[in-house]
1. Per DSSP H run of n ≥ 4, the term is -39500 (n - 2.57); total these for the chain, divide by its residue number, and report the mean residue ellipticity at 222 nm rounded to 500 deg cm²/dmol.
2. In whole percent, what relative contact order does the chain give with Cα contacts below 8 Å and a gap of six or more residues?
3. Beyond 29 Å, how much of the Cα-Cα pair distribution for segment 126-279 remains, as a whole percent?
4. Just to confirm the number: angle between the C-alpha axis of helix 307-327 and the first principal axis of the chain, 0 to 90 degrees, nearest 10?
5. Of K208/K325; K40/K101; K255/K325, which sit over 24 Å apart, Cα to Cα?
6. Which whole-number percentage describes the relative contact order of segment 219-332, with Cα contacts under 8 Å and a sequence gap of 6 or more?
7. Roughly what percent of Cα-Cα pairs across the chain reach past 31 Å?
8. Counting only protein heavy atoms and a 1.4 Å probe, tell me what percentage of the chain's accessible area is made up of carbon and sulfur.
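The values are calculated or read from the model by the stated rules, or taken from the named source; none is laboratory data. Since the structure is predicted, the reported quantities are computational estimates derived from the model, not experimental observations. Every residue, glycine as well, gets a Cβ built from its backbone with ideal geometry; the counts of neighbours run over all protein chains shown. The protein model used for the area step is the full one, side chains on, heavy atoms only, and it has no ligands, DNA or RNA in it. Shrake-Rupley method; radii C 1.70, N 1.55, O 1.52, S 1.80 Å.
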Amino acid sequence: MNNILNFETMEKILQKIKEYDRILIFRHFRPDGDAVGSTKGLQAILRATYPEKEILLCNDDYAQYLEFLGPEDGEIPEEKFADALGIAVDTGTIDRLSSKKFELCKETIKIDHHIDNNPYGDISWVEDFRSAACEMIAHFYDTFRDELVMTKDAAFYLYTGMVTDSGRFKYDGVTGDTLRLAGILLDQGINTEWLFANLYLDEFDQLKFKAHVLEKMQITENGVAYMIIDKAMQEEFNLTQEDASASISYLDSIKGCLSWLAFIESGDEKGTIRVRLRSRFVPINTVAENYRGGGHAYASGATVYTMEEVHSLIAEADAVIKEYKETHEGWL
Ligand code: AMP
């Protein structure tokens, strides 16, 4: 953590924001609450602070379950890029951006909280100890609060991402700073009952699917819980890819299972299988990185193409957990 260097980087970012009349904000594809919340939150702060500037979100895919956060900006005409500042938020690698037009911008900035294996952008501000990109945007606001304007909407978007990416303030990355910054947002008057209802109520069919996952999940010898959600199962329960992906959270509370994995078959010609990896106490991203993936120590993603790869990834995760259990105490 180098606070002085990071402060200088944040100052440079603010300076660039002031210089440009048009700012385009990008996030990763298959967006989650943090990706949508941080980009919409940044947009709302900048629009309130600089009403004369054009500030747009530039993305090609959207998450149905986050529609309660309101619409994004749709397609942006080609001519708007060449003189724009592009800011990518919550996106570890450039190939994970939802829109491929980021590099058309005149200058680019990366703001992210993932482990920085693939730096990009003319200016890069990465704090991988932050629980969420939304926490970084809240910190950015707090640092320059004499200059920047917070709104109730911006606070709502940012709080949403902080809640979702920290597992409701439960995960390891949550610090005193996380809660202090969340407090600043709450002071704006957030309807948390409505937010939590939108985020965490299940449809009846989804609950039936959850029961099925709990019934059918497997556990390896050393405590890796996993579930393979093939196309047939997705059809049987009438699941969207988002519904199927949510299954990862059904596996997260088993005593002794320090890691849990969900394999979601996409049904494309390449046989793509999305892997979601989670863990507690022991980092699992090293396994993700062996299978075209990455992310955070305790929450990462990967892509595999065959059942052989599925089983070798499970075996690798099992070996990581075995080694950890043999050499550490205090886990459960
Ligand atoms: P997910 O399970 O898709 O929610 O991913 C968990 C975290 O890992 C998120 O922060 C993702 O941005 C990140 N992640 C997922 N897949 C990849 C990948 N293939 N490469 C790098 N990071 C990833």
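1. -12000 deg cm²/dmol, from helical runs alone.
2. With pairs under 8 Å counted, the relative contact order is 12 percent.
3. Summing the P(r) tail past 29 Å for segment 126-279 gives 33 percent.
4. 90 degrees
5. Over 24 Å apart, Cα to Cα: K208/K325.
6. Reported relative contact order: 25 percent.
7. Value for the chain (Cα pairs over 31 Å): 33 percent.
8. On the way: 7720 of 15820 Å².
That share works out to 49 percent.
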